[in-house]
């Protein structure tokens, strides 16, 4: 059986785009291992015939009327960006070739 | 402006409008006995006197509160009598109010200004309420003590050495300290009911879908619900009525009638004909005996009011914490991906976007938020999804089914809200699992989507409030409000107020 009570915290933190210090990695490793060990108790239950619940009040295909309406004003939205120019959000270069 | 004398007795006197309930103030306003400006004056004075100790408010715009009060008075003079006309309400700092910050008590939203109103805020405005200020919370609503706020410490009004509970700790503390007439909070796993229990006020988590979540900063979308924190059950009913309703902007909001919850609660406090369930699983091991006694006394009291008490069983309750911390963190890891330093809030630059994300999120999120995002990412990751997330969703079904069965034989369920009264600041903050385990009595309600009310049912020998939880089936808020109102009005615990020393 797979070792499900131990996760590689620094690997998962990288997936979540969170940089951790060595101290944080060590601290979280211990704390999260404890939590994962705790949730192992769910294995006591036979859930092979149980349907999963994704939502407290299941709803499907919720549609609203398809009518155009005003969006948020550009200056309100761009005004929140940490860096902007000409009504657009500035980000670091994404493509190495250009 | 009326003269406010310094000193405890003066401040606690009946003269202060800040001590009144919504219901009382609406009556006084209607009779012309006070104005909304008078109310705001007294509430701001209470904040000035007490918030240095309590630390509930993160931002308070006095000028806009005054302006709103004058406007509410002017509207009333012209005949407008909204459901909350002229009543100041404090707002948990994760609800968007146009033009105001919305920090979620996190550094990562530094500099953010909300570009729109949450639906509940629009509804409060429509009802004539005054938006008073923004109150503290655990960062992104993750926590049970408000110690996870990156922006300040909130203390319990009954004992400044103790936590106010969380995550809506600021909302509960400001209401208990009479620093607001009422407040809005949000409840994902107990975040309204538990701080209400710790601070001795009334907290209601409405049925999932009753209140629109549009404009609420999402933590766990299948569990989050906005609700009121108030001084009485009737106030809770009024505020619930004001914020309820179907909203096109939240696809999970449900199109059901909004009963006049406030008007349902009258002078007849008989519970004859009502069946109240008592789940043995909620008297958990390690529960403070004083809490258990207070709750059992409350059950006897309800029996005295004519209710029939029936034993019910919620056999999967003990799995709720495990299920909750898998599902809530999974959803949080997805919801909080939006805080990436690109579109709003803080940014730490990097040579490419990936480095920018990592640096920004590392500096912007506090430890509990990081832990939960990492856990949530893990339980959703390839190879572990079935073992954790899918299994948790299946056990969630079993927990829901327990309640469905229970509500076949009773109209509402009585239970404790927390295993212990408020604990000392710092006593659990180093041990996340220990803190999580305290949510055992509140998380099943969110997992099932049903409604739950917490209200005072006594005090510990240390003088700390104890909370009674009343649970109702989906869209049966009227049942829990009726039981809560009858219990409250025939006991009077809600009339007790914390005493502030030092010229307060």
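Values computed for the structure shown
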item: Fewest-first ranking of B:377, B:21, using other Cβ atoms within 10 Å as the exposure measure; result: B:21, B:377
item: For residues of A:42-55, the mean tally of beta carbons on other chains within 10 Å; result: 6
item: Mean projected area in nm² (Cα convex hull; one quarter of hull surface) for the protein assembly as shown; result: 28.5 nm²
item: Euclidean distance between Cα centres, the range B:426-496 to the range B:23-91, Å; result: 27 Å
item: 10 Å Cβ neighbours from other chains, averaged over peptide B:367-377; result: 6
item: Over chain A, relative contact order from alpha-carbon pairs under 8 Å, at least 6 apart, %; result: 17 percent
item: Value of Rg to Rh for chain B (Rh from inverse mean 1/r over Cα pairs, i.e. Kirkwood); result: 0.95
item: Inter-label distance, nm, simple model (7 Å from Cα along the C-beta direction), residue B:296/residue A:89; result: 5.7 nm
item: Estimated inter-spin distance, residue A:11 and residue B:309, nm [label 7 Å along Cα→Cβ]; result: 5.3 nm
item: Whether the range B:155-243 is rounded, prolate or oblate, judged on the alpha carbon gyration tensor where a/c under 1.5 counts as rounded; result: oblate
item: Point-to-point label distance, residue B:263-residue B:433, nm (Cα→Cβ direction, 7 Å offset); result: 5.3 nm
item: Estimated 222 nm signal from helices in chain B, with DSSP H stretches of n ≥ 4 weighted -39500 (n - 2.57), rounded to 500; result: -11500 deg cm²/dmol
item: Degrees, to the nearest 10: A:22-39 long Cα axis against longest axis of chain A; result: 60 degrees
item: Euclidean distance between Cα centres, the range B:368-407 to the range B:92-140, Å; result: 29 Å
item: Residue-averaged beta-carbon neighbours from other chains (10 angstrom radius) around B:384-396; result: 5
item: Order of B:39, B:499, B:192 under a 10 Å beta carbon neighbour criterion, fewest first; result: B:499, B:39, B:192
item: Protection proxy ranking of B:56-68, B:118-130 - average other beta-carbon atoms within 10 Å, highest first; result: B:118-130, B:56-68
item: Ranked by how many other beta carbons lie within 10 Å on average, peptides B:229-238, A:22-31, B:321-330, A:40-49 from highest; result: B:229-238, B:321-330, A:22-31, A:40-49
item: For the range B:194-252 versus the range A:1-71, the gap between their alpha-carbon centres in whole angstrom; result: 24 Å
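Throughout, read-outs are computed from the coordinates displayed, never taken from laboratory work. Computed from a prediction, not measured in an experiment: that's the story for all the values here. Neighbour counts run over all protein chains shown; Cβ positions are idealised from the backbone, glycine included.
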